[in-house]
Amino acid sequence: MLGVIGGGQLGRMLAMAARRMNVRTAVWTGGLEAPAVEIADEVIDLPFDDPQALEHFCEVSTVATVEFENIPHATLQAVAARMPLHPSPQAIATCQNRESEKNFLRANGIPCTDFHVVTTAGELAAAMRALAGPGVLKTASFGYDGGGQIKLKGNENPEDIWQAFNSPRGVLEAWVDFEMELSVMIARAADGGMVTYDPAENQHRAHILDLSIVPARVPGAVADEAAAIARKVAAALDYQGIMGVEFFLKPGGALLVNEIAPRPHNSGHHTLDACATSQFEQQLRMVLGLPAGSTRLVSPVAMLNLLGDMWPEETTPPDWLPLFADGEAFLHLYGKHHARLRRKMGHANILGKTAEDALSRALALKNRWLEQAAGRRKPAGHA
Ligand code: AMP
């Protein structure tokens, strides 16, 4: 029984990969709404700090992993004391907090955006002076999908910004005028062997991933460099499992690491239809100590996130017929019943002869669905 801490769509797709191979899963939801419960063999629907939940989880699971990183460190340590947990609590803790992640990158000589940790208005003032330009103030602990971020021109009053920020610790980052955002999925095995997937070119809208295009439209040298940096990150974390490394590509070709996801990642969803081994099967293989599967890209692909914004009504899905009519577009839905704006409801993988071909068909679908949903009333409890 594979114990999965977290019950979101990543856990759902991991459980589906497991089910295909007769691996049973126990999903610990944290008490949150959990798309994985429809697939799991065992559900523990309690908060992550609940001692009974911990006991139950440890009793039924033989090996464990996480599908999101915001889990109390004490819980991770308690699980790791009872069974193998991959990735390790240490690796998860490093990536769980923006401050520790940035410090880890800097300490290991991995290129990342210039940053300053700030805990008072005075420190923010000093950091803004040091930056001497635009930046973005982010919470030290992770906000979800761009939550807790304030963009700064650099000439604001630090007192006012600190007041509005309303969080005890922040990381002020230099603003990067990037040419492209990229990510690399990398899997590292118990013996240190690593495989990487082709980099994805990621387009965000309002801080949320909108589209991933694979292969990323970058020179081979940039793709190689991104893979090399991802390997360095995974090795420095002594990582076991799959991981997503997100990058900014600057004009001129330099890469900066933006964020590390110690789990399967949204920008790896194309692997379900376009790669020899999906990121979820790969995670399963890594966590169970099996050899890695091939990461070969079988077809260029565009992955379109299906956000709640595309739903004409909160409980009425878009018209999927054009997607099915395409023939090389594949629908993945997460079983969520209420389509709030910005909520990730599913994704579509659109295969193409080239990345451009896949992208243009993905955009046609996206625009059609957005148009059909235009004018939708703003639902209460927007998340
Ligand atoms: P994050 O939550 O830190 O991954 O940020 C979400 C998105 O905001 C990124 O994918 C970028 O599109 C944008 N962003 C974040 N930090 C920066 C930065 N320092 N410079 C430019 N854009 C940024």
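The values are calculated or read from the model by the stated rules, or taken from the named source; none is laboratory data. All values reported here derive from a predicted model rather than from experimental measurement. So basically every Cβ, Gly included, is an ideal-geometry build from the backbone, and we count neighbours across all protein chains shown. Protein only, heavy atoms only, side chains kept; ligands, DNA and RNA dropped before computing areas. Shrake-Rupley method; radii C 1.70, N 1.55, O 1.52, S 1.80 Å.
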message: Using the Karplus curve 6.51 cos²θ - 1.76 cosθ + 1.60 with θ = phi - 60°, what ³J(HN,Hα) values do you get for each residue of the stretch 240-256, in whole Hz, with x for Gly and Pro?
response: 10, x, 9, 8, x, 10, 9, 10, 9, 9, 8, x, x, x, 6, 10, 10
statement: Regression test value, accessible area per residue of the chain, probe 1.4 Å, units Å², expected 41 Å²
task: Take His332, His269 and sort them by solvent-accessible surface of the protein heavy atoms, 1.4 Å probe, largest at the top.
output: His332, His269
Lysines whose Cα lies under 29 Å from that of Lys250, excluding same-chain neighbours fewer than 8 positions away: Lys102, Lys138, Lys151, Lys153, Lys232, Lys344, Lys353, Lys366
- request: Compute, for Cys58, the solvent-accessible surface of its heavy atoms (probe 1.4 Å) with the complete set of protein chains present, and express it in square angstrom to the nearest 10.
  value: 10 Å²
field: For the chain, built as a Gaussian network whose Cα springs stay under 10 Å, the top-fluctuating residue of Ala121, Ala348, Ala261
entry: Ala121
statement: For the stretch 180-372 the mean separation of alpha carbon contacts under 8 Å (6+ apart) over residue count, i.e. relative contact order in percent, is 20 percent
field: Fully extended contour minus Cα-Cα distance, from Ala254 to Met83, at 0.36 nm per residue
entry: 57.5 nm
task: Once you've got the GNM for the chain with C-alpha springs shorter than 10 Å, pick whichever of Gln96, Gln163, Gln52 has the biggest mean-square fluctuation.
output: Gln163
- line: Each label sits 7 Å from Cα toward the beta-carbon; between Lys151 and Gln163 the label points are separated, in nm, by 2.3 nm
Probe 1.4 Å - accessible area at Leu297, Å² to nearest ten: 40 Å²
message: I want the local charge near Ala236. Using Cβ-Cβ distances under 13 Å, sum +1 for each Lys or Arg and -1 for each Asp or Glu among the other residues.
response: +2
query: With each pseudo-label sitting 7 Å past Cα toward Cβ, what's the Asp319-Leu363 distance in nm, one decimal?
result: 2.2 nm
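Percent antiparallel among DSSP beta bridges with both residues in the chain, to the nearest 5? All intermediate terms of the calculation are to be shown ahead of the outcome.
Values: 58 of 71 bridges.
About 80 percent, rounded to the nearest 5.
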- line: The simple spin-label model distance between Asp210 and Glu59, using points 7 Å out along Cα→Cβ, in nm, is 4.9 nm
- prompt: What residues from the stretch 342-367 fall in the zone where the backbone N is under 18 Å from a label point 7 Å along the Cα-to-C-beta line of Glu328?
  reply: 348-366
query: Taking a probe of 1.4 angstrom, what is the accessible area of Trp369 in Å², to the nearest 10?
result: 0 Å²
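Within the chain, what whole-number % of the accessible surface is contributed by carbon and sulfur, with the 1.4 Å probe and all protein chains included in the calculation? All intermediate terms of the calculation are to be shown ahead of the outcome.
Working: 8170 of 15790 Å².
Carbon and sulfur atoms account for 52 percent of the accessible area of the chain.
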- prompt: Hey, what's the per residue convex hull volume over the C-alpha atoms of the chain, in cubic angstrom?
  reply: 145 Å³
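Can you list which of the DSSP-assigned H helices in the chain have a Cα extent of 18 Å or more along the long axis and an average Kyte-Doolittle score of at least 0.0?
Answer set is 220-236.
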